[in-house]
Every structure is written in C-alpha cells, then in structure tokens.
Amino acid sequence: MEKKEIIIQTADYIKNKLSGESSGHDWWHAYSVWKNANYISQKEGGDLFTIELASLLHDISDWKFNNGNDLIGPKLAKEFLEKLSVEKNTISNVYNIIRDISFKGAKVDSKIKTIEGMIVQDADRLDAIGAIGIARTFAYGGATGREIYNPEIKPQIHETLEQYKNNKSPTINHFYEKLLLLKDLMNTKTAKEIAEQRHEFMLNFLDQFYKESKIK
Ligand code: NI
C-alpha cells in the first residue's frame, strides 16, 4: 500500500475511534496535531511519514484514562500499523513516540530524542495552549471531576509522574502546573515561535478570569 493511502486509512480509523470523545482528546485534536506537525516538519525536517502516523495515532488510548498504563496506546497503534503492513522500523519509531510523548509533570524529563518525536510532541503541546488549549483544559477538567477554580487550593509543581497523575487540583491550577510551562519546553524553533502568541493569549485569559471572579 502506498504511504498516502496508509495515511488516509489511519486518519479514517482515528476519526471513527475518537469522534464524539468529550475530554479534549477527540478527532479534532488529533487532526490539528497532525496539521501542526506537518507544518513544523516543513520547516524542521524529519521523516514526514513517521510524523504523520505518530501525530494521528498519538492519543489512540491515553494513559490518563488507562489507570496510568502508558503502553496500551502504543500497543494499539503498533497492531493497527502491522495490519497495514507498514515497515517495522517505522512502526517501532511511531511506537516510541506515542509512548514517550505526553507531559508527565513539570520536573519530569521528556524521553523524546528523535526529530520526529520532537515535532509530534511540539504539535501536541501547541494544541494544549492558546484558545484551543484553554477549551480542552476545561473539557478535561470536567471529564475528570475537577473544580473550575478554587483559590483555597494552590498550584503545585509536580516532581514525579506519580504526583502529577494523582493530583485532583482545580483546572485553573493546571495553567500553572502545565500550560504556562509549555512555551519553554518546545523542542523546535518553529513551535517556540507559534507558542509565544498562544502563551500571551492565556495570560490575558487568566487576567480577565481573575478580574471577573474577584479573586485577585
Ligand atoms: Ni494529544
């Protein structure tokens, strides 16, 4: 099967699988990660086929919804690509990217080392900030039973994945625990540039939020 056809089949598969998902990990998230990754790759290089597959499949099954098991997603992606007879090397690169991509706490180092992985991770992180990022964060907060805000609970910088996984802090705290940190964690120059404006937008959103809520 041609690469182009494999991408189309992968997109169809993910669209079916994630459509209607309501925690911010839906098809349209996969879609914008795919498009962002494509754009970054035009500027930064990397193997586009690997980048496209990994970005489409990256949220096939998220550890945050598998009791912390981060190997279910990559395994499903691997099985899917094997059915399409994708070459072994590409499958193993995609597997590693999906396993290592997600944010696991402010002080937990990312294991991503390849240019393809860096690009997909950046694309995913761009969709976690700015207007889309704000919308997704509140959707995720609702899906996981968090309060919108509660000034009596202060944000924490998580030192370990365990702390990050187990936290139930209000969604506004998530801005300080993750979203506002992402700008400086971007791997590529292209993503850093895009992140600047989205970061500013979030700061303005928080200002307005505090003004309206009378907290600060
Ligand atoms: Ni994602």
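Look at the dipole of the chain built from charges on Cβ: of Val120, Ile60, Thr160, the Cα furthest out on the positive end belongs to Thr160. Here the gap between Glu2 and Lys35, fully extended at 0.36 nm per residue and compared with their Cα-Cα distance, gives a gain of 9.9 nm.
Computed from point charges on the beta carbon alone (+1 for Lys and Arg, -1 for Asp and Glu), the dipole magnitude for the range 125-216 about its Cα centre is near 80 Debye. When the chain is described by a simple charge dipole with +1 on each Lys and Arg Cβ and -1 on each Asp and Glu Cβ, the residue from Leu203, Pro74, Leu48 located farthest towards its positive end is Leu203. Its Cα centre serving as origin, the range 3-213 has a Cβ charge dipole (Lys and Arg +1, Asp and Glu -1) of approximately 200 debye. Of the complete DSSP H runs in the chain, those spanning 27 angstrom or more by Cα along the long axis with a mean Kyte-Doolittle score not below -1.0 are 189-213.
Each listed q (0.11, 0.13, 0.14, 0.15 Å⁻¹) maps to a log10 I(q)/I(0) for the chain from the Debye sum over equal C-alpha point scatterers, namely -0.52, -0.72, -0.84, -0.96.
The spacing between the range 1-63 and the range 116-153, judged by their C-alpha centroids, is 18 Å.
Distance between the 7 Å Cα→Cβ label points at Ser19 and Ile153: 3.5 nm. Normalised by the number of residues in the range 13-93, the mean separation of alpha-carbon contacts (under 8 Å, six or more apart) gives a relative contact order of 21 percent. Projecting the Cα atoms of Ser85, Ile148, Trp27 onto the charge dipole of the range 3-213 (Cβ charges, centred on the Cα centre) puts Ser85 farthest toward the positive pole. In the chain, helical runs assigned H by DSSP with n ≥ 4 each contribute -39500 (n - 2.57); averaged across all residues and rounded to the nearest 500, the mean residue ellipticity at 222 nm is -19500 deg cm²/dmol.
The Asp12 and Asn204 beta-carbon pair, evaluated with R₀ = 45 Å, returns a calculated FRET efficiency of approximately 0.75. Could you list, in their original order, any pairs among Lys15/Lys43; Lys113/Lys168; Lys4/Lys88 whose Cα atoms are separated by more than 22 Å? Those over the limit are Lys15/Lys43; Lys113/Lys168.
Relative contact order of the chain: what whole-number percent is it, with Cα pairs under 8 angstrom and at least 6 residues apart?
21 percent
Taken together, the values in this text are just the output of simple stated rules run on the coordinates, not laboratory data. It should be emphasised that the depicted structure is a prediction, and the values quoted were computed from it without experimental measurement. Cβ atoms come from the backbone with ideal geometry, glycine included; neighbour counts cover every protein chain shown.
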